[in-house]
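*Asks:* Have a look at the structure that comes next, please.
The values are calculated or read from the model by the stated rules, or taken from the named source; none is laboratory data. The shown structure was predicted, so the numbers you read here are calculated from the model rather than taken from an experiment. Don't worry about glycine lacking a Cβ; one is built from the backbone with ideal geometry, like all the others, and counts go over all protein chains shown. Calculation scope for accessible area: heavy atoms of the full protein, side chains included, ligands and nucleic acids excluded. Shrake-Rupley method; radii C 1.70, N 1.55, O 1.52, S 1.80 Å.
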Amino acid sequence: MENTRMMKVNVDGVEYIYPKGTLYQAIAADFQEGYAHDILLVNRNGKLCELHKALDRDCTLKMITAEEKPGMQTYERSVVFLMLKAFYDVVRKENVERVSVEYSISHALFIRAKGAFTLGQELLNQVEGRMRAISEQAVPIRKESINTDDAVELFRKTQMYDKAQLLSFRINSHVNIYFLDEFSDYFYGYMVPDTGYLKCFGLQLFESGFVLRLPDQKNPSQLGAFHPSMKVFRELYDATLRSEALHISNVAEMNGVISQGNATHMILAHEAMMEKKIGDIAGEIAARKDVRFVMIAGPSSSGKTTFSHRLSTQLLACGLHPHAIATDNYFKNRSETPLDQNGQYDFESLGAMDVEQFNADMTRLLRGETVEIPQFNFKKGVREYNGDYLTLGAQDVLVIEGIHCLNDQLSYSLPKESKYKIYISCLTTLNVDDHNYIPTTDARLLRRIERDARTRGYSARATIQMWPSVRRGEENNIFPFQDSADMIFNSALIYEIALLKPFVEPLLFGVPKDCEEYIEAKRLLKFLNYFLPIPADDVPKTSLMREFIGGGCYKV
C-alpha cells in the first residue's frame, strides 16, 4: 500500500506536517482555539480557499474569520443561502414568485418577497425558526461544478430566470452551484462548509419588505445595531423602482440591452433622468429665497465635483449666480494640523479646518460685505491670500463642497434657513441577480481606481491599499450626518460598471499575486467578468462618469 504523502503547512511562522488530502476544515479546527471567532476560510499562499477543499501542496496558511472583510462576505453570503432555503421550506416553492436581496443597510440586507403568502413578522419568525433548526443540524453546503448549459436549464426549471439569463452570458464551460440538501443556488463568492457556522442573524419586517440582520464585523458574535438612514433607504428604494420600470434591475437584463445594440439609448435615458433630478434640486433651491449656501458632502468617488458644476449650470438656468468655494481652502496651516493615533496628519477631521475663519468669512458675505477668499497652498502647507475677492449680490449663492459640509459644527454661525444641504453618494441598485447584490462601495472603489490611475498615477494596488483608511474617514465624518441633508442625490448610473470594465480590468491585472491587495483585485476581476463592456463614445461630456474616465467638459 502506497504511503500517504505528507505536506508542509506553515501557520504563523511555524511549520506543521499534514497528510495530503487533509481538509482545510480539519486544519482550521487545530488552530480554532487561538481565535475568538469561527475560522471561515483560509488564505493559502495569497489565494482564498473554502474549508471543504483538501490540502494538495506545501503552503503557508492564514486563518480568516468574520473580523476580516473576506470572512464577513463569506458569512453574509452563506446566511443569505440559509435564509432562502428556510423561506422556501416554510412558504413552499410553489407559493414563491420572487425573493430579491436588494442592498445593504445598517448591518442588514433589505429583501423583498412576492408570492402567494402574507409577509408579516409572524411568517418571518417561522422562517427564522427554520433557519435556526437547519443551523443546529450543521447541514453541509455542497459545491458542485456543472455544465453551464445544464445550470441554465436547472434555474429555468426552478423558476430562477434571472440566474438562467445571467449564466447564458457566461463563456465558461462549467459553473459552481451550491446545494443545501436539494435546494440549489448560484452565488458570486465563497461559502462556509456547513450551516453550523451560521449562528448570528435575525429577520425583521421593514418597510415594504424585511431585513436579514447581520453580525457586526468588529464583533461577529453579536448582531450589528440596526439604525438605518431612512432618507438614504428611500432614495435606494426609489432608484430600484425606476430601474425596474426601465427593465434593467440586474446585470443579465443590462447585458441583454448591450448585446442587442441598445446601449446608447440606455446611456442617454439614464443621463436624462440624472439631469432632470439636478434641475429639480436647482428649482427647489431657487424657490427658497433665504438660501445663500449650498453645502455638498459625500463619500469618496461620489462625483461631488462634477455634480457641483452641473448644479451650478442649473442654478444659472434658474436665474441665480453660483460661486464655487472649496472648504479645503480653509485648512489650518500644516503646523497646526492635528495628528491621528499613528502620528500622521489627520486631514479628514474637523480639527484640521479653520472653522472660526470659515464662519467669520461666510457671516460677512451673508451681510453683504466683500471678503477675500483664501487659497490653500498644498505644496507649502499654508493658507494664502491672492486677491480673490467676493461679494454676494441678491441673486448670488455659494456652492460649497467638502467632507464636513453636512456637519453643522462647520457652519455653526450661519442661520439654518440660509443653508441647503445635499448628501451625494453612489447608491448602486443594480444587482448581479436576485440573490447577489452589488455593494455600493464596490462601484465607488472601481471609480476611484480608474481616476487615481489617470490623474495621480497611482496603481490599483495603491488605491486598494488605502481604501480601508478612506472608508474609516467616511464612517467618522460623513455617514453620521447624512440624515441632516435637505436632499439625497444618488450619483449612480446604471451602466457605469459596464463602462468602467475596460478601463479598470487592465489595472487590476497589474496587481502582483504575492501582495495582500491581490485578493481584493481578484474578487473585483471576477465581479467584472459578469458584465459586457460598453465603449465611452456615447457618454456625454457633461456626464458625471467623465470625472473618472476623462474627456469631460468640466475642470475636475
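*Asks:* Name the pairs whose Cβ atoms lie under 7 Å apart, with the first residue in the range 399-417 and under 12 Å from Lys304 (Cα atoms), the second open to solvent by less than 50 Å² (accessible area, probe 1.4 Å) and in a loop (DSSP other than H, G, I, E, B), and 6 or more positions between them or separate chains?
*Replies:* Ile403/Ile478
*Asks:* Please verify whether the range 307-321 includes one or more residues that are assigned to a strand (DSSP E or B), open to solvent by 40 Å² or more (accessible area, probe 1.4 Å) and under 27 Å from Arg451 (Cα atoms). Quick ask: steps written out before the conclusion?
*Replies:* Our first condition is that a residue be assigned to a strand (DSSP E or B); within the range 307-321, this holds for 321.
Now restrict to residues that are open to solvent by 40 Å² or more (accessible area, probe 1.4 Å): 321.
Imposing the further condition that a residue be under 27 Å from Arg451 (Cα atoms) reduces the set to none.
Within the range 307-321 (the criterion being assigned to a strand (DSSP E or B), open to solvent by 40 Å² or more (accessible area, probe 1.4 Å) and under 27 Å from Arg451 (Cα atoms)), the answer is no, since none of the residues qualifies.
*Asks:* Filter the range 464-508 for residues that are of a type in the set (D, E, K, R) and more than 21 Å from Ile248 (Cβ to Cβ) and give the result.
*Replies:* First pass over the range 464-508, keeping only residues of a type in the set (D, E, K, R): 471-472, 474-475, 483, 486, 496, 501, 505.
Listed by number, the residues that qualify are Arg471, Arg472, Glu474, Glu475, Asp483, Asp486, Glu505.
*Asks:* Inspect all residues belonging to the range 499-506 and state whether any of them is within 30 Å of Tyr345 (Cβ to Cβ), crowded, with 22+ Cβ neighbours inside 10 Å and not β-branched (Val, Ile, Thr). Explain how you work it out, then say what you get.
*Replies:* Let us first name the residues in the range 499-506 that are within 30 Å of Tyr345 (Cβ to Cβ), namely 504.
Next cut, crowded, with 22+ Cβ neighbours inside 10 Å only: 504.
Checking the rest, the ones that are also not β-branched (Val, Ile, Thr) come to none.
No, there is no match, as no residue in the range 499-506 is within 30 Å of Tyr345 (Cβ to Cβ), crowded, with 22+ Cβ neighbours inside 10 Å and not β-branched (Val, Ile, Thr).
*Asks:* Any residue that is without any contact (Cβ under 8 Å) to a residue 40 or more places away in the chain, in contact with a strand residue (DSSP E or B) (Cβ under 6 Å, 6 or more places away or on another chain) and not in a helix (DSSP H, G or I) - is there at least one of those in the range 354-364?
*Replies:* no
*Asks:* Return yes or no: is His247 outside any helix (DSSP H, G or I), open to solvent by 30 Å² or more (accessible area, probe 1.4 Å) and free of Cβ contacts under 8 Å to residues at least 12 places away in the same chain? Working first, answer last.
*Replies:* Values: outside any helix (DSSP H, G or I): yes; open to solvent by 30 Å² or more (accessible area, probe 1.4 Å): yes; free of Cβ contacts under 8 Å to residues at least 12 places away in the same chain: yes.
Yes; evaluated as a whole, the condition is true for this residue.
*Asks:* Which one is farthest from Lys143 (Cα to Cα) among residues in the range 194-205 that are within 23 Å of the chain's Cα centre (by Cα) and surrounded by fewer than 18 Cβ atoms within 10 Å (Cβ to Cβ)?
*Replies:* Gln204
*Asks:* If you scan the range 530-551, which residues turn out to be more than 22 Å from Thr463 (Cβ to Cβ) and either open to solvent by 60 Å² or more (accessible area, probe 1.4 Å) or small (Gly, Ala, Ser) (or both)?
*Replies:* Answer for the range 530-551, where residues must be more than 22 Å from Thr463 (Cβ to Cβ) and either open to solvent by 60 Å² or more (accessible area, probe 1.4 Å) or small (Gly, Ala, Ser) (or both): Pro535, Asp537, Asp538, Lys541.
*Asks:* Go through (1) open to solvent by 30 Å² or more (accessible area, probe 1.4 Å); (2) among the hydrophobic types (A, V, I, L, M, F, W, C); (3) touching a Lys or Arg at 6+ places or on another chain (Cβ under 9 Å); (4) more than 27 Å from Asp486 (Cα to Cα) for Met191 and report which single condition fails.
*Replies:* Every listed condition holds for Met191 apart from (1).
*Asks:* Among the listed residues Val355, Val382, Val371, Val397, which satisfies the condition of being in contact with a Pro (Cβ under 6 Å, 6 or more places away or on another chain) and over 30 Å from Ser243 (Cα atoms)? Write out each step before concluding.
*Replies:* Values: Val355 fails: in contact with a Pro (Cβ under 6 Å, 6 or more places away or on another chain); Val382 fails: in contact with a Pro (Cβ under 6 Å, 6 or more places away or on another chain); Val371 fails: in contact with a Pro (Cβ under 6 Å, 6 or more places away or on another chain).
The unique qualifying residue is Val397.
*Asks:* Still on this structure, I have one more. Among the residues of the range 516-531, write down those that are touching a Lys or Arg at 6+ places or on another chain (Cβ under 6 Å) and under 19 Å from Met466 (Cα atoms).
*Replies:* Going residue by residue through the range 516-531, those that are touching a Lys or Arg at 6+ places or on another chain (Cβ under 6 Å) are 517, 528, 531.
Passing the criteria: only Glu517.
*Asks:* Ok, one more. Can you name the residue in the range 33-50 that is farther than 21 Å from Pro512 by Cα and touching a strand residue (DSSP E or B) at 6+ places or on another chain (Cβ under 7 Å) and is also surrounded by the fewest Cβ atoms within 10 Å (Cβ to Cβ) among such residues?
*Replies:* Looking only at the range 33-50, we keep the residues that are farther than 21 Å from Pro512 by Cα, and these are 33-41, 50.
Right, trim to touching a strand residue (DSSP E or B) at 6+ places or on another chain (Cβ under 7 Å) and you get 35, 37-41, 50.
On the way: Tyr35: 13, His37: 17, Asp38: 20, Ile39: 22, Leu40: 27, Leu41: 27, Glu50: 19.
Filtering first and then ranking leaves Tyr35.
*Asks:* Okay, next question. Out of Glu244, Glu271, Glu275, Glu253, I need the residue that is out of contact with any strand residue (DSSP E or B) (no Cβ under 8 Å at 6 or more places or on another chain) and modelled with pLDDT under 95. Which one?
*Replies:* Details: Glu271 fails: modelled with pLDDT under 95; Glu275 fails: modelled with pLDDT under 95; Glu253 fails: modelled with pLDDT under 95.
After ruling out the rest, the residue left standing is Glu244.
So that you can scan it fast, the table gives a plain yes or no per residue for (1) touching a helix residue (DSSP H, G or I) at 6+ places or on another chain (Cβ under 9 Å); (2) modelled with pLDDT of 95 or more; (3) surrounded by fewer than 19 Cβ atoms within 10 Å (Cβ to Cβ):
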site: Glu401; (1), (2), (3): yes, no, no
site: Ser411; (1), (2), (3): yes, yes, no
site: Lys419; (1), (2), (3): no, yes, no
site: Thr463; (1), (2), (3): yes, yes, no
site: Met487; (1), (2), (3): yes, yes, yes
site: Leu508; (1), (2), (3): yes, yes, no
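*Asks:* Kindly evaluate Ala297 against the criterion of being within 30 Å of Leu320 (Cα to Cα), at pLDDT 95 or above and open to solvent by less than 70 Å² (accessible area, probe 1.4 Å).
*Replies:* Values: within 30 Å of Leu320 (Cα to Cα): yes; at pLDDT 95 or above: yes; open to solvent by less than 70 Å² (accessible area, probe 1.4 Å): yes.
It is true that Ala297 is within 30 Å of Leu320 (Cα to Cα), at pLDDT 95 or above and open to solvent by less than 70 Å² (accessible area, probe 1.4 Å).
*Asks:* Now, a different point. Would you pick out the residues in the range 438-455 that are under 30 Å from Ser168 (Cα atoms), open to solvent by 20 Å² or more (accessible area, probe 1.4 Å) and either at pLDDT 95 or above or assigned to a helix (DSSP H, G or I) (or both)? Step through it out loud before you land on a result.
*Replies:* Kept after step one, since they are under 30 Å from Ser168 (Cα atoms), are these residues of the range 438-455: 438-447, 449-450.
From what's left, open to solvent by 20 Å² or more (accessible area, probe 1.4 Å): 439-441.
The answer is Thr440, Thr441.
*Asks:* Something else about it: Mind counting the residues in the range 541-554 that are out of contact with any Leu (no Cβ under 8 Å at 6 or more places or on another chain) and touching a residue at least 40 places away in the same chain (Cβ under 8 Å)? Outline the logic, then answer.
*Replies:* At the first step, the residues of the range 541-554 found to be out of contact with any Leu (no Cβ under 8 Å at 6 or more places or on another chain) are 541-542, 546-547, 550-554.
Remaining after also requiring touching a residue at least 40 places away in the same chain (Cβ under 8 Å): 542, 546-547, 550, 552, 554.
So the count comes out to 6.
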